[in-house]
Amino acid sequence: QVQLVESGGGLVQAGGSLRLSCTASGSIFRINDMGWYRQAPGKQRELVATITSGGSTDYTDSVKGRFTISRDNAKNAVYLQMNSLKPEESAVYYCNAEIRATILPGSKTYWGKGTLVTVSP
């Protein structure tokens, strides 16, 4: 069984910063891509940023230059540094990872339960 647990959400003023963390635990042979998504009330979940096992990153246009995704493969962790936050970025932020549980081929996508980020005006 694999679990992803996020932390680091909270209340911040517009223009402020937060750092989200997500750690995977359980039966893990290898973690491939990891990412962060967010879902605001009444809206669809959207991709924020992704990072490959080799460290290549990609961001949705609206966060480029302000958010940084990183990972620590030794700790099975992924991070999201968020700077210059805007009120419209208030949402539940979810961690996502493609994980291969055993030496056998095949991987599965797992999700965390989310961490709430609230950005006040």
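The values are calculated or read from the model by the stated rules, or taken from the named source; none is laboratory data. From a predicted model like this one, the values you see are computed outputs, not experimental measurements. Because the Cβ atoms are built from the backbone with ideal geometry, glycine has one as well, and the counts that use them run over all protein chains shown. Surface accessibility is based on the protein's heavy atoms, side chains included, excluding ligands, DNA and RNA. Shrake-Rupley method; radii C 1.70, N 1.55, O 1.52, S 1.80 Å.
When segment 64-75 is limited to residues that are touching a residue at least 24 places away in the same chain (Cβ under 8 Å) and out of contact with any Leu (no Cβ under 9 Å at 6 or more places or on another chain), the one that is most open to solvent (accessible area, probe 1.4 Å) turns out to be Lys75. In segment 41-60, is there at least one residue being within 17 Å of Val119 (Cβ to Cβ), assigned to a helix (DSSP H, G or I) and either hydroxyl-bearing (Ser, Thr, Tyr) or in contact with a His (Cβ under 7 Å, 6 or more places away or on another chain) (or both)? Within segment 41-60, not a single residue is within 17 Å of Val119 (Cβ to Cβ), assigned to a helix (DSSP H, G or I) and either hydroxyl-bearing (Ser, Thr, Tyr) or in contact with a His (Cβ under 7 Å, 6 or more places away or on another chain) (or both).
Residues are listed down the side, and each one gets a yes or a no for (1) more than 18 Å from Val5 (Cβ to Cβ); (2) basic (Lys, Arg); (3) more than 15 Å from the chain's Cα centre (by Cα):
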{"site": "Gly26", "(1), (2), (3)": "no, no, yes"}
{"site": "Ile31", "(1), (2), (3)": "no, no, no"}
{"site": "Gly42", "(1), (2), (3)": "yes, no, yes"}
{"site": "Arg71", "(1), (2), (3)": "no, yes, no"}
{"site": "Val117", "(1), (2), (3)": "no, no, no"}
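Number of residues in segment 72-83 that are outside any loop (DSSP other than H, G, I, E, B) and under 16 Å from Trp111 (Cα atoms) equals 4.
Any chance segment 28-44 includes a residue that's open to solvent by 70 Å² or more (accessible area, probe 1.4 Å) and on the phi > 0 side of the Ramachandran plot? Yes: segment 28-44 contains one or more residues that are open to solvent by 70 Å² or more (accessible area, probe 1.4 Å) and on the phi > 0 side of the Ramachandran plot. With the condition kept exactly as written, say whether any residue in segment 83-98 is within 21 Å of Thr118 (Cα to Cα), open to solvent by less than 20 Å² (accessible area, probe 1.4 Å) and either in contact with a helix residue (DSSP H, G or I) (Cβ under 6 Å, 6 or more places away or on another chain) or acidic (Asp, Glu) (or both). Within segment 83-98, one or more residues are within 21 Å of Thr118 (Cα to Cα), open to solvent by less than 20 Å² (accessible area, probe 1.4 Å) and either in contact with a helix residue (DSSP H, G or I) (Cβ under 6 Å, 6 or more places away or on another chain) or acidic (Asp, Glu) (or both). Considering segment 1-17 alone, what residues qualify as being farther than 18 Å from Trp111 by Cα, open to solvent by 30 Å² or more (accessible area, probe 1.4 Å) and either in contact with a Cys (Cβ under 7 Å, 6 or more places away or on another chain) or outside any loop (DSSP other than H, G, I, E, B) (or both)? If the condition is that a residue be farther than 18 Å from Trp111 by Cα, open to solvent by 30 Å² or more (accessible area, probe 1.4 Å) and either in contact with a Cys (Cβ under 7 Å, 6 or more places away or on another chain) or outside any loop (DSSP other than H, G, I, E, B) (or both), then Leu11, Gln13 are the ones that fit.
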